[in-house]
Amino acid sequence: MAGSTFIQHVTSLKSLQSDATPGYWYDAAQNQVVITLLWDMDKILVQIHGI
């Protein structure tokens, strides 16, 4: 692995959608994780630990 970036948890889906930085939000009602990434079209590996 060349490097890693930890993505910060945000408190609401609205803040995730309005912010220009990577983040994730967990929707407990739908049991879903929504992730926003900055992607330069290179291959990436996304790992989710301890949600």
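The values are calculated or read from the model by the stated rules, or taken from the named source; none is laboratory data. Quantities reported herein were computed from a predicted structural model and do not represent experimental measurements. Note that each Cβ is placed from the backbone with ideal geometry, even for glycine, and that neighbours are counted across all protein chains shown.
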Residue pairs meeting the criteria (Cβ under 6 Å; at least 6 apart or on separate chains; first farther than 15 Å from ALA28 by Cα, in the range 3-16; second part of a loop (DSSP other than H, G, I, E, B) and hydrophobic (A, V, I, L, M, F, W, C)): LEU16/VAL10
Counted residues, the range 13-31 - those being surrounded by 10 or more Cβ atoms within 10 Å (Cβ to Cβ) and either among the small types (Gly, Ala, Ser) or modelled with pLDDT of 80 or more (or both): 11
Residues that are closer than 22 Å to GLN17 by Cβ, under 12 Å from the mean Cα position of the chain (by Cα) and not hydrophobic (A, V, I, L, M, F, W, C), drawn from the range 35-51: THR36
Residues that are of a type in the set (S, T, N, Q) and surrounded by 10 or more Cβ atoms within 10 Å (Cβ to Cβ), drawn from the range 33-51: THR36
Subset of the range 14-48 (residues that are farther than 19 Å from SER4 by Cα, of a type outside the set (Gly, Ala, Ser) and in a loop (DSSP other than H, G, I, E, B)): ASP19, GLN30, ASN31
